[in-house]
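See below for the structure under consideration.
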Amino acid sequence: MHQLSARELRQRFLKGETTAENIVKYFLERIDRLDKDIGAFLAVFHQSALAKARHLDEKKAQGAPLGKLAGVPVAFKDNIHVRGEISSCGSKFLTNYRAPFNSTVTDLIEAEDAIVIGKTNCDEFAMGSSTENSALQVTHNPWNLNVVPGGSSGGSAAAVAARLCPIAFGSDTGGSIRQPAALCGIVGFKPTYGRVSRYGLVAFGSSLDQIGPLTTNVEDAALVMEIIGRQCEKDSTSLSAPPESYLETFTNGIAGMRIGVPWDFLKGLRPEVLANFQASIDMLKEQGAEIVDVDLSIMKHAIPVYYIIATAEASTNLARFDGIRYGVRSARAKTLDEVYDYSKEEGYGPEVKRRILLGTYVLSAGYQDAYYKKAQKVRTLMIRRFKEIFHDCHLVATPVSPIEAFGIGAIKDPLEMYLADIFTIPVNLCGLPAVSVPSGFSPAGLPLGLQLIGPQKHDKNVLHAAYTFDQAAKFSSKMPPLAKQG
Amino acid sequence: MSDYPEWETVIGLEIHAELNTKSKLFSTAPNRFGDEPNTNITEVCTGQPGALPVLNKEAVRKAVQLGCAINGQVAKFSKFDRKSYFYPDSPRNFQITQYDQPIVIGGTVIAEVDGVEKSFAVNRVHLEDDAGMLKHFSNFAGVDYNRAGVPLVEIVSEPCIHSPKEAVAYAMAIRAILMYIDASDCNMEEGSLRMDANISVRKKGETGLRNKIEIKNMNSFSNMELALHAEIARQVRAYENNPSAPIHTVIAQATYRWDPDKKETVMMRRKEHADDYRYFPEPDLVPIILTDQYIEEMRQSLPELPLQRERRYVRELNLSPDSSFHLVSDKPTVEYFEKALNVCGNARSLCNWILVEFAGRFRESSANLVTSGILPEHLAHLVNMIDDGTITGKIAKQVADDMVSHPGKDSRKIVSENPDYQPVGDRASLEAFVLEVISENPQSLADYKAGKDRAFGFLVGQVMKKTKGKANPAIVNELLTEKIKNF
């Protein structure tokens with residue numbers, strides 16, 4: 001059953017070949033057995049998931065219409081609210097915080113009869129690229145338990161890669177869906193900024209964050225986007241574009257599609273990553289795409305710009321975690337200032353502190369012009385550059401990550417870790433839709449990913465091209481040996 | 001500033017007014033005062049993670065109407081910014097406000113000061129959300145977030161106000177406008193209108209500004225006037241006592257509050273450095289973009305504004321500009337006046353009874369004429385009874401006292417039920433009093449006949465005294481003139 005796509009699973013349930021209860025029991029058993037070694041889940045909802053499954057079975061018995069995700073177990077990254085459940089965000093500070101409301105995405109997929117099966121690990125407040133910044137537990141890559149799953153949505157990626165659930169949700173501020181999807185050999189999609197409501201997502205960088213799906217195949221990602229890609233009145237930055245139908249044009253192919261590649265920008269890439277990318281490009285050509293060279297040299301500024309804007313926003317977004325209204329208040333604190341100081345000191349990990357300090361600094365009087373305002377100007381130039389490029393081509397292709405999954409604890413220098421997001425960060429700065437689709441393996445047998453980037457609101461084309469690529473490449477059907485166990 | 005002829009005061013006011021919208025600025029929680037703590041809240045008001053602000057269009061509309069009412073430039077593009085500071089009443093530890101692109105730029109407010117119309121320049125009006133309120137208990141403090149997120153307009157004047165009286169007149173005019181356009185209840189006791197003043201003094205003729213201090217939250221016009229007077233005195237005294245000190249060292253930039261018991265301004269904290277609020281654009285909100293058509297619609301929808309009404313009353317009702325300004329400045333009072341005017345045509349007298357007589361009677365009370373239960377018709381009847389000679393002005397004041405102690409009782413009934421208030425109007429009984437007075441005061445009679453007109457007034461007074469003020473003065477005059485001839 002774990003080899004099935006979400007759509008196939010739903011079909012089995014609808015045809016009566018299995019029950020929702022059986023599906024849920026099956027996946028709960030896998031989680032109980034396999035996740036001990038992986039560490040993808042922070043919480044597993046045995047009771048509520050089974051209750052929901054039984055409810056669906058009754059609903060089906062009564063002949064009531066069933067939703068597009070009927071009987072499909074899904075997991076949420078622990079920074080997305082599921083009402084009544086802990087949203088720790090991978091932080092000690094929020095280990096006692098129960099979400100008082102559902103995220104809009106949670107509401108939308110529950111309305112389609114999905115079954116929320118648990119919450120997954122992540123870098124603390126989504127700050128990181130390896131999930132090692134989680135204050136709560138280590139998550140291992142199902143392809144090799146000694147390496148990281150990527151991050152920050154590493155728990156969601158590992159859960160889907162190990163087939164512990166067919167769909168998991170992540171959030172992507174600088175690559176946090178796409179990079180772990182690539183490192184775990186699955187599909188991850190970051191929608192156009194505003195396509196999916198951020199309501200109920202604990203904010204990191206508000207102008208960059210998007211929720212998106214991690215799935216074993218492109219069609220499931222498209223199915224999820226049909227459900228969650230809609231305007232939300234509770235999110236002012238939500239796009240007013242009507243919901244789209246993604247799946248119907250999927251089989252049209254990509255013949256004649258122009259795909260830009262910033263060859264110059266890819267100089268210096270590790271040979272094995274470059275070789276894999278070249279092979280992906282050849283495959284796109286075989287499918288009829290026209291490959292054109294594009295100049296994205298401005299992207300060399302993406303990392304400094306990102307670490308100014310994202311941390312500036314984060315420094316204010318995280319200011320609310322002060323121990324006054326919720327979260328873990330320091331037991332040592334006796335005065336108001338001590339509540340602030342000690343709760344933050346004890347509640348936050350080093351990477352979060354580093355980013356709050358950085359964000360506070362770049363917004364300070366006397367520095368704001370040199371950092372925050374200049375970064376916004378460069379961001380505007382990047383947006384403009386992508387617009388120009390998209391006059392010449394339909395999509396842009398890059399690797400997802402310049403490196404394969406690395407050993408747990410191997411990267412100690414935060415800057416080295418930041419540089420691993422060089423291909424994914426520009427997409428968030430420009431609000432573009434982009435997918436990570438499996439593109440094969442490194443010589444060490446670890447998964448690599450191809451990134452396809454589209455113009456704003458062209459989410460459908462991005463997934464469409466990814467589908468065509470994956471149909472030809474078939475890497476998404478590869479499963480880690482650990483997950484093959486029945 | 002007649003107290004200090006060599007000195008000039010420079011004041012700028014920041015007025016915060018809570019908009020009387022149905023819901024809060026960025027959430028659907030009710031915008032209501034006085035409920036149980038933490039009942040009018042949503043996840044947005046308490047800064048829950050994952051909650052997002054959504055702008056209330058009604059608040060935008062009211063801010064735009066205010067902009068139109070003060071002839072400001074309503075910005076077609078404005079935006080919100082985050083203002084960072086840590087305090088428990090701030091649920092996100094940043095306030096959402098408008099920093100460099102406010103919704104209204106500039107504007108003019110005209111107010112009557114000592115019978116002269118003065119024009120005051122407004123620098124800007126911006127929208128922002130209010131904070132919660134701290135409540136202190138014996139050994140801990142609690143926070144009530146009912147007020148957190150209530151929409152505020154902050155109206156910032158230019159430093160163009162030169163006396164406490166002008167400051168009060170300007171603030172009264174702002175309050176009147178807000179109430180006329182139904183943007184705010186402007187209830188100072190409930191904190192829906194709050195004033196902060198920036199104040200400095202300088203030698204007359206100086207062009208630069210000296211160090212200023214800020215006085216926070218003066219919760220009534222009279223407190224503001226007292227606070228500003230006290231602060232001017234303090235600053236002038238400081239400069240005069242330290243004539244050789246460098247000017248910028250005499251008054252330290254600081255925040256003060258008014259202590260109404262000590263009748264002095266009290267320093268809360270020094271402002272040695274400018275606070276760094278790390279403003280930057282609020283990424284969770286999109287800019288406010290308004291069309292010319294929308295702004296024009298708002299302009300057209302404005303009701304008669306206080307200034308227009310003030311001028312109309314002067315023109316049509318013959319009120320003095322000063323009385324008219326004070327009358328129109330309080331919307332409930334002017335509505336009361338209008339109701340009374342339907343029953344009594346003597347606008348000047350009605351205005352005087354409202355602004356002087358009854359205002360005086362309620363000075364020490366928490367109520368006022370409008371809230372007292374005294375109906376506008378009953379006031380109108382009182383004025384009518386004076387005008388038609390049913391009672392004298394003197395009796396009328398006693399009737400007014402009774403109206404205050406028996407609110408809701410018609411003044412006509414008060415007069416008819418009390419024998420002491422019955423006018424001595426019949427000529428026969430008055431004639432007896434007149435003859436008595438003439439015979440008792442031969443000297444005055446002689447004086448009058450010798451051409452001293454004042455003696456006549458004295459004789460009238462004596463008659464009024466004998467009748468305990470109930471005599472109709474017109475008849476007394478007539479009788480006296482007639483009888484004196486026969487002596």
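The values are calculated or read from the model by the stated rules, or taken from the named source; none is laboratory data. Because the structure is a prediction, the values reported are computed rather than measured. Glycine also receives a Cβ, built like all others from the backbone with ideal geometry; neighbour counts cover every protein chain displayed.
Restricting to the stretch A:303-332, what's the tally of residues that are in contact with a Phe, Trp or Tyr (Cβ under 9 Å, 6 or more places away or on another chain), farther than 22 Å from residue A:90 by Cβ, more than 12 Å from chain B (Cβ to nearest Cβ) and buried (at least 17 other Cβ atoms within 10 Å of the Cβ)?
So the count comes out to 1.
Inspect all residues belonging to the stretch A:51-66 and state whether any of them is modelled with pLDDT of 95 or more, under 18 Å from the mean Cα position of the chain (by Cα) and either outside any strand (DSSP E or B) or within 14 Å of chain B (Cβ to nearest Cβ) (or both).
Initially, the stretch A:51-66 is screened for residues modelled with pLDDT of 95 or more, giving A:51-66.
Next, only the ones that are under 18 Å from the mean Cα position of the chain (by Cα) stay: none.
Within the stretch A:51-66 (the criterion being modelled with pLDDT of 95 or more, under 18 Å from the mean Cα position of the chain (by Cα) and either outside any strand (DSSP E or B) or within 14 Å of chain B (Cβ to nearest Cβ) (or both)), the answer is no, since none of the residues qualifies.
Taking the stretch A:399-436 on its own, how many of its residues are aliphatic (A, V, I, L, M), over 22 Å from residue A:456 (Cα atoms) and in a loop (DSSP other than H, G, I, E, B)? Walk me through it before giving the result.
Step one: filter the stretch A:399-436 for residues aliphatic (A, V, I, L, M), giving A:400, A:403, A:405, A:408, A:410-411, A:415, A:417, A:419-420, A:422, A:425, A:427, A:429, A:432, A:434-435.
Retained after the next criterion (residues that are over 22 Å from residue A:456 (Cα atoms)): A:403, A:405, A:408, A:410-411, A:415, A:417, A:419-420.
Restricting the remaining residues to those that are in a loop (DSSP other than H, G, I, E, B) gives A:403, A:405, A:408, A:410-411, A:420.
Count: 6.
Pick out the one residue from B:59, B:17 that is in contact with a Ser or Thr (Cβ under 8 Å, 6 or more places away or on another chain), part of a strand (DSSP E or B) and under 15 Å from residue B:127 (Cα atoms).
Numbers: B:59 fails: part of a strand (DSSP E or B).
Of the residues listed, the single one that is in contact with a Ser or Thr (Cβ under 8 Å, 6 or more places away or on another chain), part of a strand (DSSP E or B) and under 15 Å from residue B:127 (Cα atoms) is B:17.
Quick check on my filter: what residues within the stretch B:88-120 are surrounded by fewer than 15 Cβ atoms within 10 Å (Cβ to Cβ) and at pLDDT 95 or above? I'd like the intermediate steps shown before the answer.
Pass one, the stretch B:88-120, residues surrounded by fewer than 15 Cβ atoms within 10 Å (Cβ to Cβ): B:100, B:108, B:114-117, B:119.
If the condition is that a residue be surrounded by fewer than 15 Cβ atoms within 10 Å (Cβ to Cβ) and at pLDDT 95 or above, then B:100, B:108, B:119 are the ones that fit.
Assess whether residue A:155 counts as being buried (at least 24 other Cβ atoms within 10 Å of the Cβ), out of contact with any helix residue (DSSP H, G or I) (no Cβ under 8 Å at 6 or more places or on another chain), away from chain B (no Cβ under 14 Å) and not β-branched (Val, Ile, Thr). Please lay out each step first, then the result.
Values: buried (at least 24 other Cβ atoms within 10 Å of the Cβ): yes; out of contact with any helix residue (DSSP H, G or I) (no Cβ under 8 Å at 6 or more places or on another chain): yes; away from chain B (no Cβ under 14 Å): yes; not β-branched (Val, Ile, Thr): yes.
Against the criterion (buried (at least 24 other Cβ atoms within 10 Å of the Cβ), out of contact with any helix residue (DSSP H, G or I) (no Cβ under 8 Å at 6 or more places or on another chain), away from chain B (no Cβ under 14 Å) and not β-branched (Val, Ile, Thr)), residue A:155 qualifies.
Among the residues of the stretch B:132-148, write down those that are out of contact with any Pro (no Cβ under 8 Å at 6 or more places or on another chain) and either in contact (Cβ under 8 Å) with a residue 12 or more places away in the chain or under 29 Å from residue B:58 (Cβ atoms) (or both).
Here is the first cut: in the stretch B:132-148, the ones out of contact with any Pro (no Cβ under 8 Å at 6 or more places or on another chain) are B:133, B:136-140, B:147.
Those that are out of contact with any Pro (no Cβ under 8 Å at 6 or more places or on another chain) and either in contact (Cβ under 8 Å) with a residue 12 or more places away in the chain or under 29 Å from residue B:58 (Cβ atoms) (or both): B:133, B:147.
Of the conditions (1) touching a residue at least 60 places away in the same chain (Cβ under 8 Å); (2) within 23 Å of residue A:225 (Cα to Cα); (3) under 19 Å from the mean Cα position of the chain (by Cα), residue A:390 fails just one. Which one is it?
With (1) touching a residue at least 60 places away in the same chain (Cβ under 8 Å); (2) within 23 Å of residue A:225 (Cα to Cα); (3) under 19 Å from the mean Cα position of the chain (by Cα) applied to residue A:390, the lone miss is (3).
With A:370, A:375 as the choices, which residue is aliphatic (A, V, I, L, M), more than 25 Å from the chain's Cα centre (by Cα) and either within 14 Å of chain B (Cβ to nearest Cβ) or not in a loop (DSSP other than H, G, I, E, B) (or both)?
Values: A:375 fails: more than 25 Å from the chain's Cα centre (by Cα).
One residue alone meets the criteria, A:370.
Looking only at the stretch B:148-174, filter to residues that are out of contact with any helix residue (DSSP H, G or I) (no Cβ under 8 Å at 6 or more places or on another chain) and crowded, with 23+ Cβ neighbours inside 10 Å; which one of those is nearest to residue B:224 (Cα to Cα)?
By that ranking, first place goes to B:170.
Using the structure shown, decide if residue B:383 is more than 16 Å from the chain's Cα centre (by Cα) and under 15 Å from residue B:403 (Cα atoms).
yes
Among (1) assigned to a helix (DSSP H, G or I); (2) in contact with a helix residue (DSSP H, G or I) (Cβ under 6 Å, 6 or more places away or on another chain); (3) farther than 22 Å from residue A:148 by Cβ, there is one condition residue A:476 misses while meeting the rest; what is its number?
(3)
Counting only residues that are part of a loop (DSSP other than H, G, I, E, B), within 24 Å of residue B:86 (Cβ to Cβ) and hydrophobic (A, V, I, L, M, F, W, C), which one in the stretch B:261-293 is nearest to the other protein chains (Cβ to nearest Cβ)?
Applying the first criterion (part of a loop (DSSP other than H, G, I, E, B)) to the stretch B:261-293 yields B:261-263, B:271-279, B:282-287, B:290-291.
Those still in the list that are within 24 Å of residue B:86 (Cβ to Cβ) too: B:271-279, B:282-285.
Now narrow it down to the ones that are hydrophobic (A, V, I, L, M, F, W, C): B:274, B:285.
Numbers: B:274: 7, B:285: 5 Å.
Restricting to residues being part of a loop (DSSP other than H, G, I, E, B), within 24 Å of residue B:86 (Cβ to Cβ) and hydrophobic (A, V, I, L, M, F, W, C), the top hit is B:285.
Show me the helices (runs of 4 or more DSSP H) entirely contained within the stretch B:298-351 in which 2 or more residues are in contact (Cβ under 8 Å) with a residue 12 or more places away in the chain and of a type in the set (Val, Ile, Thr). Can you show your working first?
Working: elements: B:306-316, B:321-328, B:331-341.
So the answer is B:331-341.
Out of A:363, A:415, A:432, I need the residue that is within 14 Å of chain B (Cβ to nearest Cβ) and either without any contact (Cβ under 8 Å) to a residue 60 or more places away in the chain or under 19 Å from the mean Cα position of the chain (by Cα) (or both). Which one?
Numbers: A:415 fails: within 14 Å of chain B (Cβ to nearest Cβ); A:432 fails: within 14 Å of chain B (Cβ to nearest Cβ).
After ruling out the rest, the residue left standing is A:363.
Considering each of B:73, B:95 in turn, give the residue that is in contact (Cβ under 8 Å) with a residue 12 or more places away in the chain and either of a type in the set (Phe, Trp, Tyr) or away from every other protein chain (no Cβ under 14 Å) (or both).
Details: B:95 fails: either of a type in the set (Phe, Trp, Tyr) or away from every other protein chain (no Cβ under 14 Å) (or both).
Testing whether each residue is in contact (Cβ under 8 Å) with a residue 12 or more places away in the chain and either of a type in the set (Phe, Trp, Tyr) or away from every other protein chain (no Cβ under 14 Å) (or both) leaves just B:73.
Could you count how many residues in the stretch A:368-382 are modelled with pLDDT under 95 and either under 12 Å from residue A:304 (Cβ atoms) or of a type in the set (Gly, Ala, Ser) (or both)?
Pass one, the stretch A:368-382, residues modelled with pLDDT under 95: A:368-370.
Retained after the next criterion (residues that are either under 12 Å from residue A:304 (Cβ atoms) or of a type in the set (Gly, Ala, Ser) (or both)): A:370.
So the answer is 1.
What are the residues in the stretch B:29-40 that are touching a Lys or Arg at 6+ places or on another chain (Cβ under 9 Å) and surrounded by 21 or more Cβ atoms within 10 Å (Cβ to Cβ), if any?
B:31, B:40
For (1) farther than 30 Å from residue B:25 by Cβ; (2) of a type in the set (Lys, Arg); (3) within 14 Å of chain A (Cβ to nearest Cβ); (4) not in a loop (DSSP other than H, G, I, E, B), each residue gets a yes or a no:
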residue: B:244; (1), (2), (3), (4): yes, no, no, no
residue: B:248; (1), (2), (3), (4): yes, no, no, yes
residue: B:252; (1), (2), (3), (4): yes, no, no, no
residue: B:256; (1), (2), (3), (4): no, no, no, yes
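For residue B:402, indicate whether it is modelled with pLDDT of 95 or more and of a type outside the set (Gly, Ala, Ser). I'd like the intermediate steps shown before the answer.
Details: modelled with pLDDT of 95 or more: yes; of a type outside the set (Gly, Ala, Ser): yes.
For residue B:402, the condition - modelled with pLDDT of 95 or more and of a type outside the set (Gly, Ala, Ser) - is met.
Consider the stretch B:4-28. How many of its residues are surrounded by fewer than 22 Cβ atoms within 10 Å (Cβ to Cβ) and among the aliphatic types (A, V, I, L, M)?
Going through the stretch B:4-28 one residue at a time, the tally reaches 1.
Can you spot a residue in the stretch B:25-35 that is away from chain A (no Cβ under 14 Å), polar (S, T, N, Q), assigned to a loop (DSSP other than H, G, I, E, B) and under 30 Å from residue A:99 (Cβ atoms)? Step through it out loud before you land on a result.
At the first step, the residues of the stretch B:25-35 found to be away from chain A (no Cβ under 14 Å) are B:30-35.
Now drop any that are not polar (S, T, N, Q), which leaves B:31.
Remaining after also requiring assigned to a loop (DSSP other than H, G, I, E, B): B:31.
Still in the list and also under 30 Å from residue A:99 (Cβ atoms): B:31.
Taking every residue of the stretch B:25-35 in turn, at least one turns out to be away from chain A (no Cβ under 14 Å), polar (S, T, N, Q), assigned to a loop (DSSP other than H, G, I, E, B) and under 30 Å from residue A:99 (Cβ atoms).
Matching residues to (1) in contact (Cβ under 8 Å) with a residue 24 or more places away in the chain; (2) touching a Gly at 6+ places or on another chain (Cβ under 8 Å):
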| residue | (1), (2) |
| --- | --- |
| A:445 | yes, no |
| A:453 | yes, no |
| A:461 | yes, yes |
| A:464 | yes, no |
| A:467 | yes, no |
| A:471 | no, no |
| A:482 | yes, no |
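How do the pairs read when you match residues in the stretch B:462-487 that are assigned by TED's automatic domain parsing to the domain that holds residue B:434 with residues anywhere that are charged (D, E, K, R) and assigned to a loop (DSSP other than H, G, I, E, B), using Cβ under 9 Å and keeping only pairs 6 or more apart or on different chains?
Filtered contacts from the stretch B:462-487: B:464/B:470; B:475/B:426.
Conditions first: (1) within 30 Å of residue A:231 (Cα to Cα); (2) in contact with an Asp or Glu (Cβ under 8 Å, 6 or more places away or on another chain); (3) hydroxyl-bearing (Ser, Thr, Tyr). Residue A:106 passes all but one, so which condition is the exception?
For residue A:106, the failing item is (2).
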